[in-house]
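Chemist: Quick one: the structure is below, and I'll ask about it shortly.
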Amino acid sequence: MKKSTMELLKLIEKTPTFKEYESQAEGEFIEKLPLHVYLKRLLKAKDIEQKEVTRRSGMDRKYVHNIFSGARKNPSRDKVLTLCLAMGLSVDETQELLKCTGYPLLYPRIKRDSAILYAMERRMSVKDTEELLDELGESSLDQQAK
């Protein structure tokens with residue numbers, strides 16, 4: 001059974017060496033994957049074509065291709081969130097992708113993140129999510145790192 005984050009923190013506190021901790025926490029670490037590998041897994045699992053995701057995202061076709069091919073190594077978190085919305089990912093799927101690829105998780109105490117979580121829960125389109133962010137006076141997903 002998986003240990004909770006609190007259990008892992010307590011284990012870190014009481015374990016004298018990292019090697020010992022690592023041994024006791026085996027199987028508890030998040031597998032870090034390159035974004036393009038994770039996205040391709042999701043395409044397959046969701047049975048959706050990259051072309052469809054590109055269309056739904058409203059982003060430049062070449063830019064999206066470069067993300068999925070791995071040529072674009074570090075797109076902004078907002079670009080990744082746009083792809084998550086375009087793929088119709090759930091909140092849990094999105095958080096897992098963010099966690100495994102090293103991006104900050106969506107945090108419900110941040111109003112903008114809450115709006116994005118709200119949109120994901122309701123399976124809103126990228127366009128509708130952008131309209132919600134605009135209504136709230138929050139920055140657009142498209143505004144940063146084009």
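The values are calculated or read from the model by the stated rules, or taken from the named source; none is laboratory data. Every value quoted in this text rests on a predicted model; they were computed, and no experiment measured them. Counting neighbours? That spans all protein chains shown, and the Cβs are built from the backbone with ideal geometry, glycine included. Calculation scope for accessible area: heavy atoms of the full protein, side chains included, ligands and nucleic acids excluded. Shrake-Rupley method; radii C 1.70, N 1.55, O 1.52, S 1.80 Å.
Residue by residue, here is whether (1) in contact with a His (Cβ under 7 Å, 6 or more places away or on another chain); (2) outside any loop (DSSP other than H, G, I, E, B) holds:
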site: L8; (1), (2): no, yes
site: E52; (1), (2): no, yes
site: K62; (1), (2): no, yes
site: I67; (1), (2): yes, yes
site: L81; (1), (2): no, yes
site: K99; (1), (2): no, yes
site: R109; (1), (2): no, no
site: L117; (1), (2): no, yes
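Chemist: Considering only residues that are assigned to a loop (DSSP other than H, G, I, E, B) and either hydroxyl-bearing (S, T, Y) or under 30 Å from S125 (Cβ atoms) (or both), which ones fall in region 10-31? Explain how you work it out, then say what you get.
Modeler: First, the residues of region 10-31 that are assigned to a loop (DSSP other than H, G, I, E, B): 15-17, 25-31.
Within region 10-31, T15, T17, I30 meet the criteria.
Chemist: In region 25-39, how many residues are surrounded by 13 or more Cβ atoms within 10 Å (Cβ to Cβ) and more than 17 Å from Y103 (Cα to Cα)?
Modeler: Result for region 25-39: 2.
Chemist: Next question. Six or more apart or on different chains, Cβ under 7 Å: which pairs go from a residue in region 8-28 that's of a type outside the set (K, R) to one that's part of a loop (DSSP other than H, G, I, E, B) and surrounded by fewer than 12 Cβ atoms within 10 Å (Cβ to Cβ)? Could you list them?
Modeler: E28/K2
Chemist: Checking T101 against (1) within 26 Å of F29 (Cα to Cα); (2) open to solvent by 30 Å² or more (accessible area, probe 1.4 Å); (3) touching a helix residue (DSSP H, G or I) at 6+ places or on another chain (Cβ under 6 Å); (4) of a type in the set (S, T, N, Q), which single condition isn't satisfied?
Modeler: Checking T101 against (1) within 26 Å of F29 (Cα to Cα); (2) open to solvent by 30 Å² or more (accessible area, probe 1.4 Å); (3) touching a helix residue (DSSP H, G or I) at 6+ places or on another chain (Cβ under 6 Å); (4) of a type in the set (S, T, N, Q), the one that fails is (2).
Chemist: Another question about this same structure. Of everything in region 119-132, what is more than 15 Å from R55 (Cα to Cα), part of a helix (DSSP H, G or I) and charged (D, E, K, R)? Give them in sequence order.
Modeler: Residues satisfying the conditions are E121, E130, E131.
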